[in-house]
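Colleague: Quick one: the structure is below, questions incoming.
The values are calculated or read from the model by the stated rules, or taken from the named source; none is laboratory data. On a predicted model such as this, the values are computed, not experimentally measured, just so you know. FYI the Cβ positions are ideal-geometry reconstructions off the backbone, even for glycines, and counts take in every protein chain you see.
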Amino acid sequence: MEKIVIIGANSFQNPIILKAKEMGYETHVFAWKSGDIGEKTADYFYPISIVEKEKILEQCKKIKPKAIVSIASDLAVSTVNYLASKLNLIANKPENSKICTNKYEMRKAFKTANIIVPKFIKVESDEIVNIDEFKMPIIVKPTDRSGSRGITLVKQKEDLQDAINYAIESSFEKKAIVEEFICGDEYSCECISYRGKHIFLTTTKKFTTGLPNFIETGHIQPSGLSKKQEECVKREVFKALDALKIENGPSHSEFKIDNEGNVNIIEVGARMGGDCIGSDLVKISTGYDFLKLTIDVSLGKEPILEKSYEPHIAMIKFIFNKEEIDKLEKIKEKFPNSIYYISQISDLNHEIVDSSSRYGYYILQCKDLKEIKEIEELKGEQ
């Protein structure tokens, strides 16, 4: 049986493990041992951290896999690219990993490619920051984290240093990026690339908590953008993918559309969108099996867009309080056929500070916007 190595074992990585097995491949999964679901669903699990590239490479030389993949982790992107280069397998070039996982390096690459970027600077610990030429508000982020970790919107200069300290504490490399805030509704674009050719799949509308940390509360596909708007999005996103030298595999490009209709690229992940955007929502809304397309590319096969699922409106909602749990119970009662998946719900005994600390989620597949509206109008117990 042919073998596939998968980097990461958490619940957002598990769909690619299950898909590889469904396609007839033997799965070899690497991750720090922490009781994640992928430890159980993998054919073979190796308790090695995803950042320990040389240890994983040593095992891979014995496994002799046909492909290396990971779908929902920026941290895993570098490891996938490194291993693939050493084993002569398909991925992106390892020297491009940093610009795909570091927000400051990404901004520099966009600027070099004449892609519109806000004013930005990198900040290290104890560095004196001059933002006199910046327009307020300002957003501060760790240079190398995802999942809304360490993000703060700053409206007053006196709050800047606390925001920088928070971002640096959250950063692996202990650095932050400070940039002018881009106004407008937030979306993402989901694509698959093969040998430098980019294939547009769909766009996603994002909903967040807003100030100050912008934690995602949900996503919906289709996004509601017009065909004309999506053509503009494709042009800008494809330019961004080229600027980052993303040639193979899935990508998740976050952007905003401002009041003038301009597409402003926020950041790009050389991976599927997390929060089940790539693993589930794309299949529900388009009929395309994004997981299979990703595995095909990693095997060196050109991806073929074939609908394997009847398209619906796809929505994921994250749980932040008891009222939302009560609302889910009403959805189960009144719209049982619309429920695609319900995650495990944790106890409501901790503060939600980023995406990883949300209490759980559920995914809906609805036949039309009317049904979505009826579900949205349901109220949980007060």
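Colleague: From the list Lys330, Lys367, Lys307, which residue is more than 16 Å from Leu281 (Cα to Cα), charged (D, E, K, R) and surrounded by fewer than 17 Cβ atoms within 10 Å (Cβ to Cβ)?
Modeller: Within the list Lys330, Lys367, Lys307, the selection yields Lys330.
Colleague: Applying the selection to the stretch 210-236, what residues are in contact (Cβ under 8 Å) with a residue 60 or more places away in the chain and either over 12 Å from Ile257 (Cα atoms) or among the small types (Gly, Ala, Ser) (or both)?
Modeller: If the condition is that a residue be in contact (Cβ under 8 Å) with a residue 60 or more places away in the chain and either over 12 Å from Ile257 (Cα atoms) or among the small types (Gly, Ala, Ser) (or both), then Pro212, Asn213, Phe214, Ile215, Glu216, Thr217, Gly218, His219, Ile220, Gln221, Pro222 are the ones that fit.
Colleague: Kindly indicate which of Ser279, Ser253 is small (Gly, Ala, Ser) and part of a helix (DSSP H, G or I).
Modeller: Ser279
Colleague: Now, a different point. Return yes or no: is Asn262 buried (at least 20 other Cβ atoms within 10 Å of the Cβ), more than 25 Å from Ser355 (Cβ to Cβ) and not aromatic (Phe, Trp, Tyr)?
Modeller: no
Colleague: Now for a separate question. Suppose we filter Val117, Val154 for residues that are surrounded by 21 or more Cβ atoms within 10 Å (Cβ to Cβ), over 30 Å from Pro303 (Cα atoms), modelled with pLDDT under 95 and among the aliphatic types (A, V, I, L, M); which single one remains?
Modeller: Val154
Colleague: From the list Leu348, Leu369, which one is in contact with a helix residue (DSSP H, G or I) (Cβ under 8 Å, 6 or more places away or on another chain) and of a type outside the set (Phe, Trp, Tyr)?
Modeller: Of the residues listed, the single one that is in contact with a helix residue (DSSP H, G or I) (Cβ under 8 Å, 6 or more places away or on another chain) and of a type outside the set (Phe, Trp, Tyr) is Leu348.
Colleague: Residues of the stretch 12-26 being farther than 15 Å from Asp289 by Cα, touching a strand residue (DSSP E or B) at 6+ places or on another chain (Cβ under 6 Å) and not acidic (Asp, Glu), which ones?
Modeller: Tyr25
Colleague: Sticking with this structure for a sec: Could you list, in sequence order, the residues of the stretch 335-357 that are part of a helix (DSSP H, G or I) and either surrounded by 14 or more Cβ atoms within 10 Å (Cβ to Cβ) or at pLDDT 95 or above (or both)?
Modeller: Within the stretch 335-357, Pro336, Asn337, Ser338, Ser355, Ser357 meet the criteria.
Colleague: Can you find even one residue in the stretch 186-193 that is among the small types (Gly, Ala, Ser), more than 28 Å from Cys232 (Cβ to Cβ) and buried (at least 18 other Cβ atoms within 10 Å of the Cβ)?
Modeller: No: zero hits.
Colleague: Take the stretch 186-232 and flag every residue that is of a type in the set (Val, Ile, Thr) and touching a His at 6+ places or on another chain (Cβ under 9 Å).
Modeller: Ile192, Thr204
Colleague: Sticking with this one: Tell me which residues, restricted to the stretch 99-114, are touching a Ser or Thr at 6+ places or on another chain (Cβ under 9 Å) and either surrounded by fewer than 17 Cβ atoms within 10 Å (Cβ to Cβ) or closer than 18 Å to Thr152 by Cβ (or both).
Modeller: Lys103, Tyr104
Colleague: Can you pull out every residue in the stretch 285-307 that is under 18 Å from Glu230 (Cβ atoms) and either assigned by TED's automatic domain parsing to the domain that holds Leu18 or not in a loop (DSSP other than H, G, I, E, B) (or both)?
Modeller: Correct list: Ser285, Thr286, Tyr288, Phe290.
Colleague: Can you tell me which residue in the stretch 1-24 is surrounded by the fewest Cβ atoms within 10 Å (Cβ to Cβ), limited to those that are part of a loop (DSSP other than H, G, I, E, B), in contact with a helix residue (DSSP H, G or I) (Cβ under 8 Å, 6 or more places away or on another chain) and at pLDDT 95 or above?
Modeller: The residue in question is Met23.
Colleague: Out of Ile215, Ile164, report the one residue that is under 30 Å from Asp126 (Cβ atoms) and in the same structural domain as Pro142 (by TED's automatic domain parsing).
Modeller: Ile164
Colleague: Tell me yes or no: at least one residue of the stretch 320-331 is within 23 Å of Tyr187 (Cα to Cα) and not in a helix (DSSP H, G or I).
Modeller: yes
Colleague: Could you say whether any residue in the stretch 31-40 is touching a Lys or Arg at 6+ places or on another chain (Cβ under 9 Å) and buried (at least 20 other Cβ atoms within 10 Å of the Cβ)?
Modeller: Checked against the condition, which is being touching a Lys or Arg at 6+ places or on another chain (Cβ under 9 Å) and buried (at least 20 other Cβ atoms within 10 Å of the Cβ), the stretch 31-40 yields no hits at all.
Colleague: Mind checking which residues of the stretch 5-29 are over 22 Å from the mean Cα position of the chain (by Cα) and under 24 Å from Glu52 (Cβ atoms)?
Modeller: Tyr25, Glu26, Thr27, His28
Colleague: Given the conditions (1) closer than 30 Å to Met1 by Cα; (2) touching a strand residue (DSSP E or B) at 6+ places or on another chain (Cβ under 6 Å), which single one is not true for Val123?
Modeller: The failed condition is (1).
Colleague: Could you check the stretch 255-280 and list, in sequence order, the residues that are closer than 19 Å to Glu186 by Cβ, out of contact with any Gly (no Cβ under 8 Å at 6 or more places or on another chain) and not small (Gly, Ala, Ser)?
Modeller: Residues satisfying the conditions are Phe255, Glu260, Asn262, Val263, Ile265, Ile266, Glu267, Val268, Asp275, Cys276, Ile277.
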